[in-house]
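*Asks:* What follows is a structure written as C-alpha cells; I'll ask about it next.
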Amino acid sequence: MSYFMYDVMGMTVDEPDTETMRRVLDGLAEADDEHPDVSLSHESGWCLSAFTSGLLVWENTADDSVVPGEMREASREEVLRLFGPLAAGNITAIEELPWQR
C-alpha cells in the first residue's frame, strides 16, 4: 500500500481513486467536534488533512522535526488537486506551496 485515506469516522480507505477521494471529502458534511477532518497519507509519512472550515494541514506524521504547514480557505477542488500528487508520491509539488508554518 502506497497511500490511504481516513474518512470522517476514521475508517481506512486503501489507495482510493479520484471518485472515492471525492466521496470521502463529501463525508466532511457529517463532521463534528470529535471527527473534524478527512486525510490522505502517503507511505512516506506525509499527510494532508482537510477540515470543513477550509483548513488544510500538511504534515509528516513520521518525522516530528518537520513543522506542519497550514493553508486556510482551501476549496474542495484545491484539496482534490493536491491529493493527486500526494497519492503519486510527488511530495515536492506539495511542499513547494506557500504553507503557513
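*Asks:* Can you say whether Glu19 is touching a Gly at 6+ places or on another chain (Cβ under 9 Å), acidic (Asp, Glu) and at pLDDT 95 or above, as far as the supplied structure shows?
*Replies:* For Glu19, the condition - touching a Gly at 6+ places or on another chain (Cβ under 9 Å), acidic (Asp, Glu) and at pLDDT 95 or above - is not met.
*Asks:* Within the range 8-36, count every residue that is over 20 Å from Gly54 (Cα atoms) and of a type in the set (Ser, Thr, Tyr).
*Replies:* Within the range 8-36, residues that are over 20 Å from Gly54 (Cα atoms) and of a type in the set (Ser, Thr, Tyr) number 1.
*Asks:* Here is a further query. Take the residues in the range 50-67 that are over 19 Å from Phe4 (Cα atoms) and more than 11 Å from the chain's Cα centre (by Cα); name whichever of them is surrounded by the fewest Cβ atoms within 10 Å (Cβ to Cβ).
*Replies:* Taking the candidates together, the pick is Ser65.
*Asks:* To continue, here is another question. Part of a strand (DSSP E or B) and either in contact (Cβ under 8 Å) with a residue 24 or more places away in the chain or within 18 Å of Glu30 (Cα to Cα) (or both), is that true of Glu59?
*Replies:* Values: part of a strand (DSSP E or B): yes; either in contact (Cβ under 8 Å) with a residue 24 or more places away in the chain or within 18 Å of Glu30 (Cα to Cα) (or both): no.
For Glu59, the condition - part of a strand (DSSP E or B) and either in contact (Cβ under 8 Å) with a residue 24 or more places away in the chain or within 18 Å of Glu30 (Cα to Cα) (or both) - is not met.
*Asks:* I've got another one for you. Collect the residues in the range 11-56 that are of a type in the set (Val, Ile, Thr) and not in a loop (DSSP other than H, G, I, E, B), keeping them in residue-number order.
*Replies:* Thr12, Val13, Thr18, Thr20, Val24, Val38
The values are calculated or read from the model by the stated rules, or taken from the named source; none is laboratory data. For clarity, every value in this text was computed on a predicted model and none was experimentally measured. Reconstructed Cβ throughout: ideal geometry from the backbone, glycine too, with neighbour counts over all protein chains shown.
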